[in-house]
Amino acid sequence: MTISTKRGDDGTTGLLYGGRARKDSARIETIGAIDEAQAAIGLARAEMSDTRLDDELVALERGLWVAMAEVATLPRNRSKLVAGVTLVTEEMVSRLERRVHELEASSETPSEFVVPGQSRSSATLDLARTIVRRAERNAVALGLEEGSRVVPYLNRLSDLCWLLARSSEQEHLTARAGRVRAPRAKE
């Protein structure tokens, strides 16, 4: 098997369960933005020194596979989608929302605009958040089928990325403060 099939040389790409779409179509732009968001979360995972978040970030990446599968399916094939595997479910949205509420309850959220870049890990999560927001805008413009939970999923995911970035900043500042030593008195 080769990854270079040449079927896309005509400017189209295959969709899940059949059909093709132009590579510059709104559907493929949405899938591409979700794919970028997944890669950005992977970058954030690679930057994390706190391995406690690894499983959570992997789960977020896998959730984006589900969103991509749903978007990559034409309306006539929607009945073939499997909840939680190729179809975003209300439970997936609720899971993100619960995590958002946990993080909000466990830390103080900034009351002003945040300047990203306090740490590499928080900056990568902020980058992921902005890409998720673009994916969300693209999904809205695409006009997904009635009952789709892709847009709410992306909306909650961007909130979660923002909160994870703030949490990462706090950990960075706490670790940094622990390494700062008081100057020695002159003898």
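Yes or no, residue by residue, for (1) under 18 Å from the mean Cα position of the chain (by Cα); (2) more than 22 Å from Arg166 (Cβ to Cβ):
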site	(1), (2)
Glu56	yes, no
Leu74	no, yes
Thr86	yes, yes
Arg95	yes, no
Gln118	no, no
Val132	yes, no
Glu145	no, yes
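Applying a threshold of 9 Å to beta carbon distances and a minimum spacing of six or more residues, or different chains, the list of pairs starting in the range 76-92 at a residue that is on the phi > 0 side of the Ramachandran plot and ending at one that is charged (D, E, K, R) reads Gly84/Glu91.
Within the set Ala44, Ala26, Ala37, Ala33, the sole residue that is in contact (Cβ under 8 Å) with a residue 40 or more places away in the chain, small (Gly, Ala, Ser) and surrounded by fewer than 19 Cβ atoms within 10 Å (Cβ to Cβ) turns out to be Ala26. Among the residues of the range 128-141, those that are buried (at least 19 other Cβ atoms within 10 Å of the Cβ), aliphatic (A, V, I, L, M) and over 21 Å from Arg52 (Cβ atoms) comprise Ile131, Val132, Ala135, Ala139.
If you check Thr12, Thr51 for being surrounded by fewer than 19 Cβ atoms within 10 Å (Cβ to Cβ) and touching a Lys or Arg at 6+ places or on another chain (Cβ under 8 Å), only one passes: Thr12. If you check Ser158, Ser168, Ser107 for being modelled with pLDDT under 95, surrounded by 15 or more Cβ atoms within 10 Å (Cβ to Cβ) and either within 24 Å of Ala59 (Cβ to Cβ) or touching a strand residue (DSSP E or B) at 6+ places or on another chain (Cβ under 6 Å) (or both), only one passes: Ser168.
The values are calculated or read from the model by the stated rules, or taken from the named source; none is laboratory data. Just so we're clear, the structure is a prediction, and the values are computed from it rather than from any experiment. We place every Cβ from the backbone using ideal geometry, glycine too, and count neighbours over all the protein chains shown.
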